[in-house]
Amino acid sequence: MAENGFRLEEKLTAWHLGIALGALFLGTWFGPLQVLQHAGIDLYGKLAPGIQSYYQGLSLHGVLNALVYTTFFITGFLTFTTVHSLKRPLAIPSLNVVGFVVMAAGLLMAAVPLLLNQASVLYTFYPPLQASAFFYIGLTLVVVGSWIEAVGLFFTLAAWCNAHPGVRTPFIAFGSVLTLVMWLIASLGIAAEMLFLLIPWSLGWVKGTDPLLARTLFWFTGHPIVYFWLLPVYVSWYGMLPKQAGGKLFSDPLARLAFWLFLVLSIPVGLHHQFADPGISPVWKGLHMILTYAVAFPSLVTAFTVIASLELGGRARGGSGLFGWIATLPWKDPSFAAQALAMLIFAFGGVGGIINASYNMDLVVHNTLWIVGHFHLTVGAAVALSFIGIAYWLVPHLAGKNLWSPSAARIQVWSFVLGMAIFSASHHFLGFRYGVPRRTMLGAAPYLSPDWHPWLVAAAIGGILVWASLMLHFVIVLATVFASRKSDRPIEMPVAEALRDPAETPAWLDAWTPWLVATIVLIALSYGPPLAHLIANVDLSSPGLRVW
Ligand code: HAS
């Protein structure tokens, strides 16, 4: 552990990362099982009674990879980035320790029913499928723990601001704390769903539940959660990657504007997941569709700013011509390569997202494998691969060791990209061309068409390649911690300098109040009427179902 005055913070980060990677390790094993099942090779039968069904495996895969890996990695990473960027330790360290303990206890509580086949409700846990109450309470504790840790970081930023009146918040700390503020507001939906609907229902205190109200509260959080996954990556793409490329952050004001727009626009868009749900007026669905196009805008700003920042790096390294600077970027550095390739993949995932956002186009692809292709390009590739790239400097920093075998890490990164490209392309095609349903044990479906088979085999090849690449990632991380040499030079968090002095950034881009007010007003306008209607007509009559 580095001797830099951040001993506790770095220990906390290491614990978060350890749990995140442990979850990813377990969750990853179900990927090949699913794609093989789809291609006609069912290995699930051989795992009984440990794993009792395809749907138990799919639930473990989604919860461990999409919910646990991300949440633990993000809270650990943002703790690290905030204190290092502000160059001050946590203001109330005990708060962050308590938050972490609550998260870990919640994870244990949710993991037991999942492993015992008492929570095979997939990662969106839509009622009327009903899990054990421990699953819901455990997940709630994970969220509450992340809130406590977030509050710890808010106090830390406030202490820094008090000591530095009038100074612009360093960009990395600004982006990190803003991500957590957005998360805190966004996760109120899922907290309400858990506390008022799912927990009392699963404990038998109320006889039934209202699936539509539950889904609406879920998606209040369920869409912004994708930006909770994405924004830490943007912290790195804007604030760190330009430095790794030898360049500078092209525009500090544009970077901050993108983050503020994410705060304001991430939440009032959740109904685009419910275009096909009855009981919600198309007026509100239409408004959420328009706002979904608006929330794509800060990603377009990001594409422009980050590419411009990388171009500065490529040219500083001797690149010339229209595209010649791309070749001179540090592709041999696995941390850089992972994140630059993640961006490239994200461009495709983003285009898919914009297609999904269209009310009528979504009716073609909704609930098909297209959506699985979309979210493996976004969270499964852009986010996960960026986290992998970050781990390639963060783990060596925390362990005080050199990265074990950079050449193995390069192989890992490129094989991940290849595997994910094959997997996602075939899923997009199967969903769009044939309408193949998602969340289905396709290998056992009586309607399985021979036309699908070549694409399902391609998906299986891609999925297995991604799994193998992730196994290599775990080997590299473990070997870095336990078998690598002590680092010969200090490995610091990369911090990109801005092209122009951040002191020139307008003050309104470093002021919380107007943006928080805009966020709350927009949520009230876009969610107030549909939620009020659903609550006024609440119908707690749906009993819990266990179809497994
Ligand atoms: Fe999505 C469904 C719309 C982004 C994740 N999405 C999902 C689900 C997940 C998910 C998990 O409107 C499934 C949920 C479920 O289980 O039911 N999504 C969007 C839109 C965007 C978007 C408009 N999604 C994401 C991100 C995710 C994510 C980010 C995870 C991290 N999504 C939808 C919709 C649905 C949906 C509907 C519901 C569908 C249904 O029917 O159920 C936008 O935010 C995307 C904007 C992004 C861009 C790309 C910008 C490009 C950049 C990179 C530039 C760099 C380059 C490389 C080119 C416009 C920033 C340069 C490199 C060099 C080396 C030079």
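The numbers here are math on the coordinates, done by the rules we state, and not lab data. As the structure is a prediction and not an experimental result, all values here were calculated from the model. Reconstructed Cβ throughout: ideal geometry from the backbone, glycine too, with neighbour counts over all protein chains shown.
General observations
- The C-alpha atoms of segment 3-541 occupy a region whose extents along the principal axes are 59, 49, 45 Å, arranged from largest to smallest.
- Note on residue 547 and residue 520: with the Förster distance fixed at 41 Å, the Cβ-Cβ geometry gives a FRET efficiency of about 0.55.
- Approximating the spin labels as points 7 Å out from Cα along Cα→Cβ, the residue 116-to-residue 367 distance works out to 3.2 nm.
- Two-site FRET efficiency, residue 327 against residue 487, from Cβ-Cβ distance with R₀ of 22 Å, rounded to 0.05: 0.15
- The chymotrypsin sites (Phe, Trp or Tyr not before Pro) of segment 308-358 that DSSP puts in a loop, and whose beta carbon has at most 13 other beta carbons within 10 Å, are 323.
- Spacing of the two label points (7 Å from each Cα toward its C-beta) at residue 94 and residue 499, in nm: 4.8
- Restricting segment 451-548 to trypsin sites (Lys or Arg not before Pro) that sit in a DSSP loop and have at most 16 other Cβ atoms within 10 Å of their own Cβ leaves 485, 500, 546.
- Span-like helix ranges in the chain, DSSP H, alpha carbon extent 30 angstrom or more, Kyte mean at least -1.0: 7-28, 93-115, 133-163, 282-316, 334-357, 406-434, 453-482, 512-536
- Averaging the Cα positions of each part gives two centres, and for segment 161-202 and segment 113-128 these lie 26 Å apart.
- Residue separation of residue 479 and residue 101 scaled by 0.36 nm, minus their Cα-Cα distance, works out to 133.4 nm of gained length.
- Distance between the C-alpha centres of segment 269-328 and segment 43-89: 25 Å, rounded to the whole angstrom.
- Among the chymotrypsin sites (Phe, Trp or Tyr not before Pro) found in segment 437-482, those both in a DSSP coil and sparsely packed, with 12 or fewer other Cβ atoms within 10 Å of their Cβ, are 447.
- Length added when fully stretched, residue 536-residue 441, from 0.36 nm per residue minus Cα-Cα: 30.4 nm
- Label-to-label distance, nm, for residues given as residue 164 and residue 508 (7 Å Cα→Cβ offset): 2.4
- Counting Lys and Arg as +1 and Asp and Glu as -1 over every other residue whose Cβ lies under 12 Å from the Cβ of residue 198, the net charge comes to -1.
- Formal net charge of residues neighbouring residue 534 (Cβ-Cβ distance under 15 Å; K, R +1; D, E -1): -2
- Violating pairs (Cα-Cα greater than 19 angstrom) within the set 87/332; 11/401; 243/332: 87/332
- 222 nm mean residue ellipticity, helices alone, for the chain (DSSP H n ≥ 4; -39,500 (n - 2.57); rounded to 500): -22000 deg cm²/dmol
- Other residues whose C-beta falls under 14 angstrom from the C-beta of residue 249 contribute a net charge of 0, scoring Lys and Arg +1 and Asp and Glu -1.
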